[in-house]
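To keep things clear, I will list the structure first and then write my remarks on it.
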C-alpha cells in the first residue's frame, strides 16, 4: 500500500504541474490572441528593412511649357552596418568609400559601427564614382536611385523658383509654396533578412512605386524674364547698386510675366551663396517710394473731385504746413501751373496741396483701397506688408509727406499692383504667379483664374489719369522712357533712403520708374527700383532707360504693333539745334527754350564747353539739349550720351570736354563705357563701340 505521505506528495506534484500547465496555456493564449498582431508586426519589422524611394518632384514650367525646374536621377550610397562588420573588412571598406567619395575615413568608420539596420554614406553621387564602387562590390554597401533637383536655366528666375533640399523638400520660392503639390508620394523597397542580418535569397522583395508630383505652370514668360534679367544685370554692372528689383505685370489679369531681384543666386548651388541673396527684394523689402507714389494720390484726389486736370496751382519752391516746410525737388520754382503740369513736373507743393484737400479719411480710403499696408497674396514666401503711418495719429504734416511718397513704406509688388489698377479702369487684381497645376500624366488638376479684388476708381478717372501720365513721358520728367511708335505712361521717382536709426541719408537714394503701355489700351505695367546707385541717381536717368528697354522688347514680343505716324507731320516738327557754345549759360538757355527745346545743364561753370545734340542737328521740337560747362573747382566731367554719333562727331564732342576716346568698329555709336551720366576725371578715355546701321550690337564687344 502506498503510504499517505506518498499520496500527498503525488497530489502536490500533480497540482503544481496542473497549475504550471494552466499558466502556460493562459500565456500561450495571451500571446496568440491578444498580442499576436503586435508580435507579428515586430517579427516582420525585424526581418524586413524598408528603403524609401523618393517620388520624382514635379516640373516647374513657364507659361508656354518651357521647363525651369526639373528632377534628374542620381544614385545614392547606403550601408547595412551589420553586414559590413560580419565581413571582417570594415577598415578596408571604409577606406575605399572615403577615397572614392572624398569623405573622412574616421567618419565613415563611425557610420559603419552604428547599431542600426540602415545608414546613408553619401547621397546623389556622380555616375563615374558609382561605377567604381560597384566594381569593388564592397560587402554591405548598396545603392538606390534618387531624384535631384536641377534648374536648367541657372540663375534665371531664381527668386521665383526658389530651391529644393537634399530630401526633395521645397525650401524657398514656388518650390516651398507649392511643396505639397510638387513633392508627390514616396515609394518603398522592402527586403527580407534572416536573424543574422543576411539577405534571404528568393525571399520577400516588395516594391511600392512612388507617385510623381504634380507639375506647376507659372505665369512667367521665359522670354520676358530673360529681357528683364538682361536689363537689370546691365544696370547693376554700370551703376553698382546695392540691390534692385523689376516686375512686369499683365494689367488685365494680374499675371506676373517677369520678376527679378538683385543680388541673385544660382538655385543649383544655393548653399554656396550668402543667405541675403535669397531675399526677393520685389516683395520682402519695404521702401519709401517717393514720386512713383504720386499717381496713387492723383487717382484718389481726382476720383473724389477735389482736383481737376485744369485746376491752377502756384509753386514758389516750397509749401508750409504749420511750422514745417516741404521743399520742391526742383531748385527753380515751377510758378503758376495746371494740375497736369504739376504731375509732369512732379511738383511737391502741388501734391501736398492735393493731399491736404483730400483730408485724412479720403486719403486713407484710397491708401487701403489700393492695397497698401497688407500683403498682396502673391504665391511666394516672405512677403512684407509695408509700413503705414497709423491713421489714428496721422496729422496734416503726415498727409503732406505721404502725398509725395514719404513716411509710408511699400513693397515693389504693392506699388506695381496699385498702378496697374489705375491703368485697368480702376480694378485692383491679385498678383498671380501660377497659371495651372497638372499631374504627372499631364492632366489638368487645377486652373487658377484671374482674381479681381475691387474697383478702386472709376473708368473715367482711370482714362483721365492715363492721359496725364502719358504726358509725363512725352513732356515731363519721364522723357527717357519715351518710345517712338508706342504710347507710354509713367512716373519717375528719386527718394532719399531711410537710415536704420531714423532720418534720411544724404548720400544714398532709391531711383525708380513705374509705368504702363500702351497708354490708351494698357497691356503691361513695369516697375524698376534701384537701391543706392552710384554716380547719377535720378530715377529718370537710372530706372527709366531700363523700363524703356524692357517695354520695347516686351511689346514687340507680345506682337503689339507700333503706331505709324505721318512722316510729313514729323518733318514739320523738326527744328535745327543752334550753336550756343559762344554764349553764357543764361542767354543760351533762354534762346533754346524760345525755340521749343528743353535745356539741361551739366557742371557749375558759366562757359559752355560743348553741347548735345551738336549744332546743326535736326531734331523734334521739345527735345532735350544738354549744355556742358567746366566747373573751375572740379576736375570731373559728366559723360555725354553719344548714341547715334559718327566717330568724327563723338571724337569732337569728347575732345571739347577734355575726354579721350577708344573707338571700336565703324558706323554709328551704339554702346559706350562708362555709361552716359557718370562723372569721370578729365582725361578719362571713353570706350565706344560703333556699328553699321544694319549690324546688331553685343555688349561683350565693349571690353571689360
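Some values worked out for this structure:
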| read-out | value |
| --- | --- |
| Among (1) within 25 Å of residue 477 (Cβ to Cβ); (2) modelled with pLDDT of 75 or more; (3) touching a strand residue (DSSP E or B) at 6+ places or on another chain (Cβ under 7 Å); (4) not in a strand (DSSP E or B) - the single one residue 591 does not satisfy | (3) |
| Qualifying residue in segment 391-408 (condition: buried (at least 24 other Cβ atoms within 10 Å of the Cβ), free of Cβ contacts under 8 Å to residues at least 40 places away in the same chain and in a helix (DSSP H, G or I)) | no |
| Residue in segment 89-100 that is touching a strand residue (DSSP E or B) at 6+ places or on another chain (Cβ under 8 Å), modelled with pLDDT of 85 or more and part of a strand (DSSP E or B) present | no |
| Residues located in segment 499-530, provided they are in contact with a strand residue (DSSP E or B) (Cβ under 6 Å, 6 or more places away or on another chain) and over 16 Å from residue 259 (Cα atoms) | 499, 504, 505, 508, 509, 510, 511, 517, 518, 519, 522 |
| Any chance residue 225 is buried (at least 23 other Cβ atoms within 10 Å of the Cβ), touching a residue at least 24 places away in the same chain (Cβ under 8 Å) and either in a helix (DSSP H, G or I) or within 11 Å of the chain's Cα centre (by Cα) (or both) | yes |
| Check on residue 132, without any contact (Cβ under 8 Å) to a residue 60 or more places away in the chain and either in a helix (DSSP H, G or I) or within 14 Å of residue 83 (Cα to Cα) (or both) | yes |
| Output for segment 312-347, where each listed residue is in contact with a strand residue (DSSP E or B) (Cβ under 6 Å, 6 or more places away or on another chain) and assigned to a helix (DSSP H, G or I) | 342 |
| Among residues of segment 113-137, those that are surrounded by 15 or more Cβ atoms within 10 Å (Cβ to Cβ), over 19 Å from residue 147 (Cα atoms) and modelled with pLDDT under 85, counted | 1 |
| Every residue from segment 479-516 that is under 17 Å from residue 420 (Cβ atoms) and more than 22 Å from the chain's Cα centre (by Cα) | 487, 488, 489 |
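Yes/no per residue for (1) assigned to a helix (DSSP H, G or I); (2) modelled with pLDDT under 95; (3) not assigned by TED's automatic domain parsing to the domain that holds residue 461:
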{"position": "230", "(1), (2), (3)": "yes, yes, no"}
{"position": "256", "(1), (2), (3)": "no, no, no"}
{"position": "260", "(1), (2), (3)": "no, no, no"}
{"position": "295", "(1), (2), (3)": "yes, no, no"}
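The rows are residues; the columns are (1) under 25 Å from residue 462 (Cα atoms); (2) crowded, with 22+ Cβ neighbours inside 10 Å; (3) at pLDDT below 95; (4) in the same structural domain as residue 394 (by TED's automatic domain parsing).
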{"site": "271", "(1), (2), (3), (4)": "no, no, yes, yes"}
{"site": "286", "(1), (2), (3), (4)": "no, no, yes, yes"}
{"site": "290", "(1), (2), (3), (4)": "yes, yes, yes, yes"}
{"site": "298", "(1), (2), (3), (4)": "yes, yes, no, yes"}
{"site": "310", "(1), (2), (3), (4)": "yes, no, yes, yes"}
{"site": "316", "(1), (2), (3), (4)": "no, no, yes, yes"}
{"site": "321", "(1), (2), (3), (4)": "no, no, yes, yes"}
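The values are calculated or read from the model by the stated rules, or taken from the named source; none is laboratory data. A quick note: this is a predicted structure, and the numbers were derived from the prediction, not measured. We place every Cβ from the backbone using ideal geometry, glycine too, and count neighbours over all the protein chains shown.
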